[in-house]
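I'd like to ask some things about the structure below.
The values are calculated or read from the model by the stated rules, or taken from the named source; none is laboratory data. What you see is a predicted model; the values in this text were computed from it and never measured. In this analysis, Cβ positions are derived from the backbone assuming ideal geometry, glycine residues included, and neighbour counts consider all displayed protein chains.
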């Protein structure tokens, strides 16, 4: 257990080279501050407008990696330097330009028999054969059926809205010909304003998303409009069953767009195989809509400005009423002012640590990005609604990293939006558990709205997503500790716990339960040994915490403890220790030093459990810092390390972990956590950062009293927070 007053670490850690400031912008490294404010100043309310607006994103030139987005959690539109999607080819090898929603999915026609049974293999577990949707084909790689099941359904790019700009000689304007480009994302209003010049003529574009509808509002002003050299263009693609690309722009014969003209507007009926959706456009003043090519439309006006709104929906009825631009402008401004004022806030101004301003920037932008990308009715995909990864499907083990922060930042409803989806897939999750011989519900890993697991040689063997719904329910109860909350979520908690109690295998010789085999831990580098893996450190601790928490729910409801759950709780083994440190798993090879160092999550991500010793974890943390292959890590690993350091009473190391010099710990000008050219944004990194900072600033159960227990007390950090909730 962690002592109540843990010893402080020396400031000059010999491992500090791992945490140098190479990843910080030079402007941040040059920041200096004056003396600390008086104590009375620290007690003043945070100036939230100043806090947020000093981190407005301002761009002065195009960059393939810094498109900016507007959205509401259900719908998102990502724009280039023009404020629309005018130059998609410029971003083809950077960050996506897409228009995506929670409901917008496409399924490629099934030309064969793609029964999940054909993608299933049997694994021996405790003397019985357990089916897993591993997708193993007769040769190396996925079978044909498994490939189709992995890719379908895939999230759809609903359409491209951009500008078509023409030179006097009739040639189209290129992005490198734009002059005086200036673009600002005004966070307090959710407003994207873009200005530039074309052939000396000014162009202004204002882009907004309605806070409650899948609707984009656009204002365009330029003398080029009335000369016919600037039009608004709307294009529709076919769906694409590709890992990353959400749109097929080269198959016009495979889909249909029906146009119905309306006074000052138009209705577009979209048909892609068996999938349907609708788009309604409405505009101000007199304008002409032309269709120069299939699925392509151009809107022109003789005026020098035009307002347009574009609404997307799965049914035509949902588009019956269309607000104008002014109405959307007002709704968006009220929504975002409420968002920033209603939740929590953390202010680092006055800190003299050179990393403080950059940390504050990342925190503010991560709040915006997760609100527009991760706060919808479905768990988010790892790239949110900016563009596809893993076919647009979402990974339930990542939902924790996206959304737990909403509860800690006092925005619990943004987490609760997605929890009914778990209830909607209970029949599917029960069927999976039953087919494998388990009780309760087995949650999928990589899935889509239907809750069906995707064939995978890794994903179907993961188990660390299983306790997540218990964690979410517990956060809800901490915010609202009443019987209504207990009754609302007891089914998710109890059926999850039923699976967790039936999954471990009884080891008779050693009189204990074991997790595995047919298991891959969060550290997925143990994938090749899935048939023999036992007892990963993090999962053992999470199993104990999850079952113990489920028992507390029974007690809160006045129910008797479940004896089967207690049997497992009392017989879970201590994690494996080798050379004085926790290993990834118990069975050889147990000391792989790449991918996620998930053993540290057993005390950091999780509160203390009887299975974890704080001294051993401290040595494990040091060993990870000394020996790990950092390029192989991912964006949420650094906040994971920070949370462990904080619980161990090592605040200097907690801050350093957030700035660990690693290729995937890079935060771009638009706030996104960059991983690689294949994955230019990674929202679990943003959500994880917010979780760690909330914990470090507000504390956790058992933390010592006083402000900001997870930040150094070296005189260089001035941390003020309002509204944050303690972490379990």
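If a residue has to be surrounded by fewer than 18 Cβ atoms within 10 Å (Cβ to Cβ) and either in a loop (DSSP other than H, G, I, E, B) or at pLDDT 90 or above (or both) to count, how many in region 132-142 make the cut? Show your work before the answer.
Here is the first cut: in region 132-142, the residues surrounded by fewer than 18 Cβ atoms within 10 Å (Cβ to Cβ) are 136-141.
Remaining after also requiring either in a loop (DSSP other than H, G, I, E, B) or at pLDDT 90 or above (or both): 137-141.
Residues flagged as surrounded by fewer than 18 Cβ atoms within 10 Å (Cβ to Cβ) and either in a loop (DSSP other than H, G, I, E, B) or at pLDDT 90 or above (or both) within region 132-142 amount to 5.
Moving on to the next point. Taking region 143-175 on its own, how many of its residues are free of Cβ contacts under 8 Å to residues at least 12 places away in the same chain and outside any loop (DSSP other than H, G, I, E, B)?
Selection size over region 143-175: 1.
Does residue 498 satisfy being free of Cβ contacts under 8 Å to residues at least 24 places away in the same chain and either within 19 Å of residue 416 (Cα to Cα) or surrounded by 17 or more Cβ atoms within 10 Å (Cβ to Cβ) (or both)? Give the derivation first.
Values: free of Cβ contacts under 8 Å to residues at least 24 places away in the same chain: no; either within 19 Å of residue 416 (Cα to Cα) or surrounded by 17 or more Cβ atoms within 10 Å (Cβ to Cβ) (or both): yes.
When the stated conditions are applied, residue 498 does not pass them.
Those residues that are in contact with a helix residue (DSSP H, G or I) (Cβ under 6 Å, 6 or more places away or on another chain) and more than 15 Å from residue 196 (Cα to Cα), I need them from region 150-180; list them, please. Don't jump to the end; show me each part of the working.
Step one: list which residues in region 150-180 are in contact with a helix residue (DSSP H, G or I) (Cβ under 6 Å, 6 or more places away or on another chain), which gives 151, 154-155, 175.
Those that are in contact with a helix residue (DSSP H, G or I) (Cβ under 6 Å, 6 or more places away or on another chain) and more than 15 Å from residue 196 (Cα to Cα): 151, 154, 155.
Are there any strands (runs of 3 or more DSSP E) wholly within region 228-285 with 1 or more residues that are within 31 Å of the chain's Cα centre (by Cα), and if so which?
Numbers: elements: 230-235, 256-262, 265-272, 275-283.
It comes to 230-235, 265-272, 275-283.
Within region 177-200, take every residue that is without any contact (Cβ under 8 Å) to a residue 24 or more places away in the chain and within 18 Å of residue 87 (Cβ to Cβ) and give me the one that is surrounded by the most Cβ atoms within 10 Å (Cβ to Cβ). Reasoning before the result, please.
Let us first name the residues in region 177-200 that are without any contact (Cβ under 8 Å) to a residue 24 or more places away in the chain, namely 177, 179-180, 195, 197, 200.
Next, only the ones that are within 18 Å of residue 87 (Cβ to Cβ) stay: 177, 179-180, 195, 197.
Values: 177: 14, 179: 12, 180: 12, 195: 18, 197: 16.
Taking the candidates together, the pick is 195.
Let's see how each residue does on (1) outside any loop (DSSP other than H, G, I, E, B); (2) without any contact (Cβ under 8 Å) to a residue 40 or more places away in the chain; (3) over 29 Å from residue 418 (Cα atoms):
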site	(1), (2), (3)
90	yes, no, yes
93	no, no, yes
103	no, no, no
108	no, no, no
112	no, yes, yes
118	yes, yes, yes
130	yes, no, yes
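Still on this structure: With 604, 580 as the choices, which residue is in contact with a helix residue (DSSP H, G or I) (Cβ under 8 Å, 6 or more places away or on another chain), crowded, with 20+ Cβ neighbours inside 10 Å, on the phi > 0 side of the Ramachandran plot and without any contact (Cβ under 8 Å) to a residue 60 or more places away in the chain? Talk me through it step by step, then tell me what you get.
Values: 580 fails: crowded, with 20+ Cβ neighbours inside 10 Å.
When all the criteria are applied, what remains is 604.
Quick check: is even one residue across region 206-215 at pLDDT 95 or above and farther than 30 Å from residue 391 by Cβ? Write out each step before concluding.
In the first step, residues of region 206-215 are kept if they are at pLDDT 95 or above; the result is 206-215.
Keeping just the survivors that are farther than 30 Å from residue 391 by Cβ gives 206.
For region 206-215, residues at pLDDT 95 or above and farther than 30 Å from residue 391 by Cβ: present.
Any residue at all in region 534-544 that is in contact with a strand residue (DSSP E or B) (Cβ under 7 Å, 6 or more places away or on another chain) and under 19 Å from residue 468 (Cβ atoms)?
Within region 534-544, the first condition is being in contact with a strand residue (DSSP E or B) (Cβ under 7 Å, 6 or more places away or on another chain), and the residues that meet it are 534-535, 537.
Narrowing further to those that are under 19 Å from residue 468 (Cβ atoms): 537.
So far as region 534-544 goes, yes, one or more of its residues are in contact with a strand residue (DSSP E or B) (Cβ under 7 Å, 6 or more places away or on another chain) and under 19 Å from residue 468 (Cβ atoms).
Given the residues 300, 349, 331, which is the only one that is on the phi < 0 side of the Ramachandran plot and more than 30 Å from the chain's Cα centre (by Cα)? If you could, list the steps in order and put the result at the bottom.
Working: 349 fails: more than 30 Å from the chain's Cα centre (by Cα); 331 fails: more than 30 Å from the chain's Cα centre (by Cα).
On inspection, the qualifying residue turns out to be 300.
Could you check residue 681 against (1) part of a loop (DSSP other than H, G, I, E, B); (2) closer than 28 Å to residue 574 by Cα and say which number it fails?
All conditions are met except number (2).
Being over 21 Å from the mean Cα position of the chain (by Cα) and at pLDDT 95 or above is true for just one of 65, 84. Which residue is that? Break it down into steps so the answer makes sense when it comes.
Details: 65 fails: over 21 Å from the mean Cα position of the chain (by Cα).
Sole residue among the options that is over 21 Å from the mean Cα position of the chain (by Cα) and at pLDDT 95 or above: 84.
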